[in-house]
1. Scanning for something surrounded by 19 or more Cβ atoms within 10 Å (Cβ to Cβ), in contact (Cβ under 8 Å) with a residue 60 or more places away in the chain, within 13 Å of chain B (Cβ to nearest Cβ) and among the basic types (Lys, Arg), does segment A:292-299 turn up at least one residue?
2. Under 9 Å between Cβ atoms, which residue pairs at least 6 apart in sequence (or on different chains) link something in segment A:131-151 that is in contact (Cβ under 8 Å) with a residue 24 or more places away in the chain and assigned to a helix (DSSP H, G or I) with a partner that is charged (D, E, K, R) and crowded, with 23+ Cβ neighbours inside 10 Å?
3. Do any helices (runs of 4 or more DSSP H) entirely within segment B:336-449 hold 3 or more residues that are modelled with pLDDT of 95 or more and of a type in the set (Val, Ile, Thr), and if so, which?
4. Whether any residue in segment B:189-203 is at positive phi and of a type outside the set (Ser, Thr, Tyr) is what I want to check.
5. Could you please let me know if B:ALA453 is in contact (Cβ under 8 Å) with a residue 24 or more places away in the chain and either facing chain A (nearest Cβ under 8 Å) or hydrophobic (A, V, I, L, M, F, W, C) (or both)?
6. So, in segment B:276-332, how many residues would count as being of a type outside the set (Val, Ile, Thr), in a strand (DSSP E or B) and either over 24 Å from B:THR248 (Cα atoms) or not assigned by TED's automatic domain parsing to the domain that holds B:GLY402 (or both)?
7. Just to be sure before I move on: is B:SER117 of a type outside the set (Val, Ile, Thr), at pLDDT 95 or above, under 30 Å from B:LYS347 (Cβ atoms) and surrounded by 20 or more Cβ atoms within 10 Å (Cβ to Cβ) in the structure I sent?
8. Can you find even one residue in segment A:263-280 that is surrounded by fewer than 24 Cβ atoms within 10 Å (Cβ to Cβ), touching an Asp or Glu at 6+ places or on another chain (Cβ under 7 Å), more than 10 Å from every other protein chain (Cβ to nearest Cβ) and not in a helix (DSSP H, G or I)?
Amino acid sequence: MKTITKATEVVIASSQNGEEKPNRLKVIKTYKIYVGGKFPRTESGRYYTPKNSEGHSLGNICLCSRKDFRDAVVAARSAFAGWSGTAPFTRSQILYRMAEMLEGRKAQFIEELQRQGSSLKEANYEVEISIDRLIYYAGWCDKYQQIFSSVNPVASSHFNFSVCEPTGVVSILAPEENSLIGLVSVIAPAIAGGNTCVVLASENKPLCAVTFAEVLNTSDVPGGVVNILTGKKSELHEQFSSHMDVNAIVYCGIEEEVIKSIQIKSANNVKRALIRKNINWLNDSAQSPYFILDTQEVKTTWHPVENIGGGGGGY
Amino acid sequence: MTKTINPLAFNAAFKYAPAPESKTHIQLKPRYDLFINGKFTAPSSGKHFDSINPANELKIAEIAEANEKDVDMAVKAAKTAYEKVWSKMAPKERGKYLFRIARMIQEQARELAVIESLDGGKPIRESRDIDIPLVAAHFFYYAGWADKLDYAYPNKKPVSLGVAGQIIPWNFPLLMAAWKIAPALACGNTVVLKPAETTSLTALKLAEIIQESGLPEGVVNIVTGFGNTGAAIVNHPGINKIAFTGSTDVGKIIQKSIAGTNKKCTLELGGKAANIIFEDAPIDQAVEGIINGIYFNQGHVCCAGSRLFVQESVYDMVIRILKDRMETLIVGDPMDKNTDIGAINSKNQLDTIRKYIKYGKEDGAEMFQPSCEVPNKGFWCRPTLFMNASQSHRIVQEEIFGPVLAVQTFRTVDEVIEKANNTPFGLSAGVWTDKGSKIFNLTSKLRAGVIWANTYNKFDPTSPFGGYKESGFGREGGLHGLGAYLNFN
């Protein structure tokens, strides 16, 4: 079932002193998906083999089904209460931990980005900026609330305040081109704000998405908070937008027909449909607390204030 | 033989003397045309329809029915006004127009309140003390924002959108118009607004005020009519933003209609709010909160507390006090200052409410209505209580938009949170308890946009309002309400 790209490749490793070691067969990784904190293959048993620009296969990648998506939504919904209730300070630490893990595995991501067609320089830059972006959002976890919340000076004798709360489960169709920084740029604001998410990775460049799941798995991100699927946008976008237990959808792309379909299907349950068009994910303008705000709800609470010292005396 | 008198029916032993609000000072025309480009214009269809008083079914005035051609004229007028005048005006001048309109509303407040009650059926006490003062306050609040928008969204440069198409419901006719028009104008947009077909009059009175205020022509256009008129606004390519308040069903249709366009959208849709009474709540106050939660404005309130959850240990007491309190409610002439519950807004809505009352009985809930009399003519519904309701009942799941309360019980905090959140809606909720930590636990776990703790149905222009889930998206009111009418660069 597994097609190994260069099955006969035997690596002859040279040690530092130049001595030849015995031939050793390189172990090639099976790319899985990430659902509920576990790494299954797709329930459908299907796979596809995306190729890079030189025509080399990137591997047998899971061609996820609608059922995989539904399972992932169940996992995301189950994780929502815990994650949204996690202290922002703790969420911040976990995002920072993600950055640490990514830094530690830089070489692997650079190698995968190169296999997907980036130059070494580009790959290096994309990984570095991805790490920095995680740190950027790690910092926002316990700050955006103060920017976007308010105490409202109502005219009646009530204490009234508005706070941000996560909107719930967010389905995300990640950017196709920048497979790592694009992925990080859409996941980080969603989970920094306490949402859980189901992400469809770049269809033609899925490798670092799956490896990024390994980063998540070793960063104390609870299982189910981020679920990463691979497969075809054309097969899955309707499920991503029509599912009744998904509260918001983020679509990164420019296909007008897909955008329209997503917006129509989102109406099934009054989903918040967020379209990210023409964003340069490598640029600093692709990071902002307003991306966090997009998947937040504003909740306003009222409570009466007893008029202490109503006789005019005060305290 | 002595006739037993219900001691709680305050008006049974001796009648309250009627205390009707005077109608002599109001000025109404027999026929109203469309308000387009600063002028009242006859509809191109040549058609008018009747607006009736739901309390006596008598015609009040004729209202123009706008078709696509009229809507097109209104949108073009709004676009021209946007491009030539309103978007170029100094923001502080925009603000001054809104301040002026607010003042004029205050000056004519009594007249507007009377017309609101005549046309919509709500008790004069509510239109006089709640609706109209909030209308003026809303204009005052957003007037001040006009030249301060740069402070609202840190690190962003907000710009206006263009023409906003606004469609509003019949439950708070003038208040909804204010919620829509004031922030739109403050942010530099122009508007085409459609009031609900049963309650167009106060919006048309507002058009007269706007005309008198000298607001540049075309900045506010008011087109009256039915669903088709609304659809023409939604589908018009010259519209840059849709703001809709109404049912979730229509909201979904609108969301679908504008798919694939660049129209921005905010939706304020239905609700099925939980009102939760804990055993440690001040019960008498809580019962007042229940009454205000569901019987305010005949229950024609999207955020009405239509699902009551009572902790088992105090259930008997709460129900006893609630029934007693319901016996004292006065249902009748909206123009009478004694009236607590006015007329149902329309025959259609009365039919819907009756259908749900029938469902409630069929599904096995136990109904209670007080013994009050209701007038013969007009549309009336006694305040209604259903006990032993359960989660699967239609009266628990679906929005009724009438004075019908479904009661359930609970034992634990976790149980009531789960039950309260078990609905596709998420507009509002109420919590009654004396314990602060319990309030904050509940308010953070209830998935709803507005939570009233130890109070209910309070509104203020500074306070953002809007829903989670299928109750819509976007907020109206407060700083957060500005975002709906701005683009950010």
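1. Yes: one or more hits.
2. A:ALA138/A:ARG91
3. Counting at least 3 such residues, we get B:347-362, B:413-421.
4. Checking segment B:189-203: not a single residue is at positive phi and of a type outside the set (Ser, Thr, Tyr).
5. Answer is no for this residue.
6. Adding up the residues that qualify gives 1.
7. yes
8. Yes, because at least one residue in segment A:263-280 is surrounded by fewer than 24 Cβ atoms within 10 Å (Cβ to Cβ), touching an Asp or Glu at 6+ places or on another chain (Cβ under 7 Å), more than 10 Å from every other protein chain (Cβ to nearest Cβ) and not in a helix (DSSP H, G or I).
The values are calculated or read from the model by the stated rules, or taken from the named source; none is laboratory data. The shown structure was predicted, so the numbers you read here are calculated from the model rather than taken from an experiment. Glycine gets a Cβ as well: all are built from the backbone with ideal geometry, and neighbour counts include every protein chain shown.
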